[in-house]
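The values are calculated or read from the model by the stated rules, or taken from the named source; none is laboratory data. If you're wondering where the values come from, they're calculated on a predicted model, not measured in any experiment. Positions of Cβ are backbone-derived with ideal geometry, glycine not excepted, and every protein chain shown enters the neighbour counts. Only protein heavy atoms, including side chains, enter the accessible area calculation; ligands, DNA and RNA are left aside. Shrake-Rupley method; radii C 1.70, N 1.55, O 1.52, S 1.80 Å.
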Amino acid sequence: MKAIVIKGTGSWYRVEELETHDIYNCRIRGKMRMAGIRSTNPITVGDIVNFDVETSEKDLVGVITSVDKRRNYVIRRAINLSKESHIIAANVDMAYLVATIDFPMTNTEFIDRFIVSCEMYRVPVTILLNKIDLFKHEDYREFIDEFKAPYLAAGYNVIEVSAVEGTNIKELDALMSDNISLFAGNSGVGKSTLINALVPGLNIKSGEISEMHKTGKHTTTFSEMFKIGDNKYLVDTPGIKGFGLLDVSKEELAMYMPDLFGRSRECGFANCTHTHEPKCAVKDAVKSGELSAVRYDSYVKMASDLEDDKVNYR
Ligand SMILES: Nc1nc2c(ncn2[C@@H]2O[C@H](COP(=O)(O)OP(=O)(O)OP(=O)(O)O)[C@@H](O)[C@H]2O)c(=O)[nH]1
Ligand SMILES: [Mg+2]
Ligand SMILES: [Zn+2]
């Protein structure tokens, strides 16, 4: 039988059978490893799995025997220096990166790392700028527009939303015709609150922001998929502190930043790394203001981290 994984806690997986839509609790048979991926979790939310039913008096239970090939996935280095990865979700139609300009403040390098990783595994990304209700005063407008500009220029959609006041929630809902929408970002940015706003009556747990540190408290602890229509799912994920890149070399990095890459064709050297070389069209574009210095700074930091491979996690 075939099912889609809707929650995984490491030892148990909650799956939905594809035809009957019955929910089964499954274990995995022995040690299962995905070919080529060293991961802390061999099976993730969004995976399509094959399973055998086991007889049980109470619940529907089963044993997962294999995982179908993934169309794409969102993956990050499990922790700094580790060669192991953590797969956040598989078969994702849109990754919504939830960011906030304050309470907590989302670091732009974190955003850029997340986007690069999504580009690598062909996951489309949209940025949601949440808690916009806190920044209504006109004094914030310029800052918000400056924050958004590099991403809009790179071709990403950036939507200002408020989960609390409902700003642009209808518009967001209209975009969710896709199969699986993932919500990711730092703890406390409002991923769970946004999902609650999109799905009235769902009432998943959301948490407070720490007064002291203006950061979230890691309220959501496991990724979980919520069905909101026929083949339409939202995935809530635990807040992530940093994002470590995997499987990308310094030479390849620019390929995954479309705004930079577009300029690199005019660089003087074919193998230009856009750092120390003369006649670099990327650096020229930053100087003239045509390319965002924020994105370029992230590129330089990521490239140097990839080089020494010591601190590739921010
Ligand atoms: N003012 C305001 N507060 C919000 C908004 N969205 C969420 N919050 C608040 O931010 C806090 C954290 O929200 P959560 O939804 O738990 O954040 P999360 O991203 O799911 O956090 P983790 O599960 O820890 O990763 C809660 O107190 C929410 O009420 C918003 O649009 N505006
Ligand atoms: Mg949450
Ligand atoms: Zn260059």
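Can you tell me which residues in region 88-113 are within 14 Å of ligand 1 (Cβ to nearest atom), on the phi < 0 side of the Ramachandran plot and either open to solvent by 10 Å² or more (accessible area, probe 1.4 Å) or not hydroxyl-bearing (Ser, Thr, Tyr) (or both)? Those that are within 14 Å of ligand 1 (Cβ to nearest atom), on the phi < 0 side of the Ramachandran plot and either open to solvent by 10 Å² or more (accessible area, probe 1.4 Å) or not hydroxyl-bearing (Ser, Thr, Tyr) (or both): Ile88, Leu97, Val98, Ala99, Ile101, Asp102, Pro104, Met105, Phe110.
For the criterion of being among the β-branched types (Val, Ile, Thr) and within 16 Å of ligand 1 (Cβ to nearest atom), Thr221 passes. Looking only at residues in region 244-279 that are assigned to a helix (DSSP H, G or I) and not small (Gly, Ala, Ser), the one that is nearest to ligand 1 (Cβ to nearest atom) is Tyr256. The set of residues in region 183-217 that are within 6 Å of ligand 1 (Cβ to nearest atom) and touching a Pro at 6+ places or on another chain (Cβ under 6 Å) contains only Gly188.
Considering only residues in region 227-243 that are more than 16 Å from ligand 2 (Cβ to nearest atom) and assigned to a loop (DSSP other than H, G, I, E, B), the one that is most open to solvent (accessible area, probe 1.4 Å) turns out to be Asp230.
Restricting attention to region 244-261 and to residues that are at pLDDT 95 or above and open to solvent by 20 Å² or more (accessible area, probe 1.4 Å), the residue that is nearest to Ile87 (Cα to Cα) turns out to be Tyr256.
Assess whether Asn203 counts as being free of Cβ contacts under 8 Å to residues at least 24 places away in the same chain and either within 16 Å of ligand 3 (Cβ to nearest atom) or open to solvent by 70 Å² or more (accessible area, probe 1.4 Å) (or both). Spelling it out, Asn203 is indeed free of Cβ contacts under 8 Å to residues at least 24 places away in the same chain and either within 16 Å of ligand 3 (Cβ to nearest atom) or open to solvent by 70 Å² or more (accessible area, probe 1.4 Å) (or both).
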